[in-house]
Every structure is written in structure tokens, then in C-alpha cells.
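Take a look at the structure set out below.
The values are calculated or read from the model by the stated rules, or taken from the named source; none is laboratory data. No experiment lies behind these values; they were computed from the predicted model shown. As a convention, Cβ positions derive from the backbone with ideal geometry for all residues, glycine included, and neighbour counts pool all protein chains shown. What goes into the accessible areas is simple: the full protein's heavy atoms, side chains included, and nothing from ligands, DNA or RNA. Shrake-Rupley method; radii C 1.70, N 1.55, O 1.52, S 1.80 Å.
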Amino acid sequence: MNINFRYLFKLIFYGLFAMSIECDVLVVGGGPAGCSAARAATKSGLKTILIEEDKQIGSPVRCAEAIGEYLLPYMPLDVPQNQLLWKIEGMYLWADEVSIIKEGGMWAGYSINREKWDKWISLEAKKAGTQIIMNAKITKIEHNTNFEINKVAILKDGKELSIRPKFLISAEGVNPSIMDLLDIEKKQCIGHVKSFEIKNLDLKYPKYEQMFFGNFAPGAYAYIFPISKKSANVGIGTLKNKEQIDFLYNNFIEIPFVKKQLSNGVTVVEKSGDAPIGDLSEKIVYGNVFFVGDSANQNIKPFIEGNIPGIIWGNILGNFIKEISE
């Protein structure tokens with residue numbers, strides 16, 4: 001009998017790729033909240049798959065890379081010392097030439113490298129047994145009128161893969177594609193941040209985060225967040241029209257106190273992004289779909305600190321799904 005083994009191999013390979021994969025939990029988004037939820041779900045015994053749209057976790061960075069020291073005791077896993085790069089002792093608050101310094105407690109924290117931080121948490125999820133699929137994006141969702149999902153289509157390397165999850169977690173940040181695919185109405189509750197990592201600075205307070213408010217940017221706030229003695233993430237956040245953010249940033253860096261610190265600065269990389277300032281939808285649970293992290297507006301106001309809160313809520317959600325699956 002004459003067998004074409006190459007043709008047979010192709011049939012088997014593409015047949016396996018086209019068939020549906022079943023899992024207990026499908027997590028969409030490889031940030032801190034998504035990886036924490038995947039880790040908790042996997043550790044509780046649920047078959048968990050995490051997909052990430054980008055080619056690598058943790059990049060590009062779109063935040064000030066600050067975490068509050070007072071939140072560390074609530075972390076569901078121990079933070080390695082090498083993740084805490086620069087100690088922040090307090091906060092310098094400035095408003096139209098009036099200033100005050102607050103130290104310790106909720107004002108103290110650390111700077112982190114978000115790329116390394118996110119990769120560390122994703123590695124913890126992988127160690128627990130989570131299957132991670134990179135460079136993959138959900139394109140279609142099959143669901144009933146109660147938002148109960150039975151199948152999703154994933155585009156990976158130009159090929160379509162079908163997954164049948166019992167539960168789906170959206171941890172996609174402020175623009176969750178799951179809401180669009182489910183026709184869930186989004187609220188316009190998003191703040192915009194323009195931010196840069198700048199080195200070679202003459203920082204007045206290298207151990208203090210500097211926060212600025214005032215007439216230079218009505219309805220906005222600005223910051224200089226040190227990540228070393230001579231470098232910082234410098235940016236401005238606004239609730240106003242995004243088109244104004246360049247103008248407001250330029251006003252900020254012209255403040256004499258700020259200009260002196262930045263005068264010799266060299267821009268390393270842009271870290272601009274968006275952050276939720278309110279609920280993006282009416283609910284954070286639709287059928288067997290859960291939203292977590294920035295997708296669920298789980299951050300601490302007014303400075304929109306969402307990194308550790310996202311990890312905490314992700315862990316709670318992963319364990320909660322185990323309970324309800326039983």
C-alpha cells in the first residue's frame with residue numbers, strides 16, 4: 001500500500017489544531033491581574049489557559065512603575081527582594097507653589113521594573129501549571145443571551161484555534177475586547193497618561209514621589225517618580241480630552257521647580273497609557289465571564305494604583321471560581 005506520510009502528517013497536525021480544546025478557565029491578558037488569577041485557578045486544581053496578545057509579557061510598559069509598601073502584606077505570594085528596585089520614603093505634594101511632605105505608611109513604597117515584575121508573576125503562574133499562549137487574540141465568542149460562553153475562537157500565528165472554557169476571565173486592561181465581542185456597553189471612564197522615563201536628572205527629592213496639582217493643568221495631576229538617584233518616570237494624567245495632554249505636559253515641565261530638575265534630562269523611553277477612573281461597565285460578572293484588574297476598575301484612587309490590587313483581586317477570583325465550579 002502506497003502511503004503519503006507527508007500528506008497524512010498535515011491532516012493530523014491541522015486536524016488537531018482545528019479541534020476544540022476544553023479547559024476550566026480561560027484567562028485573557030497576561031498582566032499582573034491575569035497572571036495572578038491564572039496562578040490561583042491552576043493551584044486550586046482547575047485546568048487553566050492564559051492567552052496574551054503581545055509577543056512577550058511585560059512589554060510595552062505603560063505605567064509609573066510604583067507600588068505602595070503598605071499593600072505588600074496583602075500579596076498572595078512573596079515578593080523577591082530583587083523586584084523592589086528603589087525605596088520611596090514618602091511623597092512631596094505641590095499645589096501652585098504650596099508644598100508639603102508626607103512620609104511612611106501609605107505614602108511610602110518602591111519603584112519596580114514592570115517588564116521584570118510581570119514576567120515574574122507569569123512565571124509563577126507557569127510553575128503552577130498554567131498553559132500560556134503568546135501572540136494570541138480572541139476573534140469570536142459563542143454565547144447565549146445570558147452571556148454564558150461555550151466556545152471562543154483564538155487567532156494564533158495566522159491559524160484559528162477553538163477553546164471551550166467553563167469560565168472566562170478578562171484581564172485586558174482599560175480596553176477589554178471581551179466587552180466588544182459580547183456587545184457590552186462601555187462607559188467612557190478612562191483617564192489618559194503621558195509619561196516618559198528620563199535619566200541624568202538633578203532630582204531635588206530622589207527618595208520621594210513628587211505629585212503636582214494646580215493651574216498649570218486644570219483637572220489633571222503630574223508626577224516625578226524616582227526609579228534611581230538620577231532617573232525617574234515623569235508624566236501627567238488627565239480626565240480631560242486626550243488631545244489636550246501634550247499641551248498640559250508642556251505646561252508642567254515649564255514649572256521652574258520641575259524645569260530645574262529636568263534641565264539635563266535624557267528621555268529613555270515613552271511609557272504613556274490609559275487607566276480606569278470609574279467602572280467601565282454596569283457589572284464585572286456576565287454569565288460565566290468575569291472581569292478583573294483595570295477591566296473591573298480595581299485600583300486605588302486618586303493615584304490609580306492598580307498593580308498590587310490587581311494581583312490581590314486576581315488571586316481572590318481564581319480561588320472563587322474553584323468554589324463555584326464545585
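Compute the distance from the alpha-carbon center of the range 141-157 to that of the range 170-243, in whole Å.
Computed from Cα coordinates, the inter-centre distance equals 33 Å.
Assuming a viscosity of 1.306 mPa s and a temperature of 10 °C, what translational diffusion coefficient in µm² per second does Stokes-Einstein assign to the range 236-326, Rh being the Kirkwood radius over Cα pairs?
Estimated diffusion coefficient is 97 µm²/s.
Once the Cα gyration tensor of the range 77-198 is diagonalised, what are the square roots of 5 times its eigenvalues, in whole Å and ordered largest first, as equivalent ellipsoid semi-axes?
One finds semi-axes of 38, 22, 14 Å for the range 77-198.
Under 8 Å for C-alpha pairs, at least 6 residues apart: give me the relative contact order for the range 89-209, rounded to a whole percent.
Across the range 89-209, relative contact order equals 19 percent.
With a cap of 13 neighbouring Cβ atoms within 10 Å, and only residues DSSP puts in a loop, list the GluC sites (Glu not before Pro) found in the range 258-314.
Counting only loop positions with at most 13 other Cβ atoms within 10 Å, the GluC sites (Glu not before Pro) in the range 258-314 are 282.
Relative contact order for the chain using alpha-carbon pairs under 8 Å, separation at least 6, rounded to a whole percent?
Once normalised by length, the contact order is 25 percent.
Two decimals, Cα atoms only, Kirkwood Rh: what is Rg/Rh over the range 153-255?
Expressed as Rg/Rh, it is 1.16.
List every residue whose amide H lies under 5 Å from the amide H of residue 77, counting only residues 5 or more places away in sequence or on a different chain, with H placed 1.01 Å from N in the peptide plane.
Amide H neighbours of residue 77: none.
Grab every C-alpha pair in the chain, bin the distances at 20 angstrom width from 0 up to the longest one, and report whole percents.
30, 51, 17, 2, 0
List the residues, sorted by chain then number, that are 5 or more residues from residue 268 or on another chain and whose placed amide H is less than 5 Å from its amide H.
HN-HN under 5 Å from residue 268: 197, 198, 199.
Using each residue's phi in the range 72-83, evaluate 6.51 cos²θ - 1.76 cosθ + 1.60 at θ = phi - 60° and report the 3J(HN,Hα) Karplus result to the nearest Hz, with x for Gly and Pro.
Each residue of the range 72-83 in turn: 4, x, 8, 5, x, 9, 6, 8, x, 4, 6, 7 Hz.
Ignoring everything except DSSP H segments at least 4 long, calculate the 222 nm mean residue ellipticity for the chain; use -39,500 (n - 2.57) per segment, divide by total residues, nearest 500.
The per-residue figure over the chain is -7500 deg cm²/dmol.
Report the percentage of all Cα-Cα pairs in the range 78-128 whose separation exceeds 15 Å, rounded to a whole percent.
Across the range 78-128, Cα pairs with separations above 15 Å total 60 percent.
How high is the relative contact order of the range 183-272, in percent, with contacts defined as C-alpha pairs under 8 Å that are six or more residues apart? Before the final figure, lay out the partial values.
Values: 164 pairs, mean separation 36.2, N = 90.
Dividing the mean separation by the residue count of the range 183-272 yields 40 percent.
Let me spell out the model: positive unit charges on the Cβ of Lys and Arg, negative unit charges on the Cβ of Asp and Glu, origin at the Cα centre of the range 19-108. What dipole size does that give, in debye rounded to 20?
Numbers: 7 positive and 12 negative charges, 69 e Å.
Taking the Cα centre of the range 19-108 as origin, the dipole is about 340 debye.
Quick check for me: using +1 on Lys/Arg Cβ and -1 on Asp/Glu Cβ, what's the dipole size of the chain about its Cα centre, in debye to the nearest 20?
880 debye
Quote the accessible area belonging to residue 294 in square angstrom, nearest 10, computed with a 1.4 Å probe and with ligands, DNA and RNA left uncounted.
My reading of the accessible area for residue 294 is about 50 Å².
Taking the dipole about the Cα centre of the range 119-178, with the C-beta of Lys and Arg at +1 and of Asp and Glu at -1, give me whichever of 141, 161, 129 is farthest to the positive side.
129
What size of dipole, in debye to the nearest 20, comes out for the range 101-204 about its Cα centre when the only charges are +1 on Lys and Arg C-beta atoms and -1 on Asp and Glu C-beta atoms? Could the numbers behind the result be given before it?
Numbers: 18 positive and 14 negative charges, 52 e Å.
That gives a dipole near 240 debye.
Within the range 195-225, which residues have the backbone N less than 20 Å from the label spot 7 Å out from residue 250 along Cα→beta-carbon, could you tell me?
Zone members listed by number: 195-197, 214-223.
In straight Cα distance, which aspartates and glutamates are under 20 Å from residue 301, not counting same-chain residues fewer than 8 positions off?
Straight-distance partners of residue 301: 65, 69, 89, 103, 172, 209, 274, 279, 282.
Enumerate the amide H contacts of residue 304 below 5 Å, restricted to partners 5 or more residues apart or on another chain; note that Pro and chain-start residues carry no placed amide H.
none
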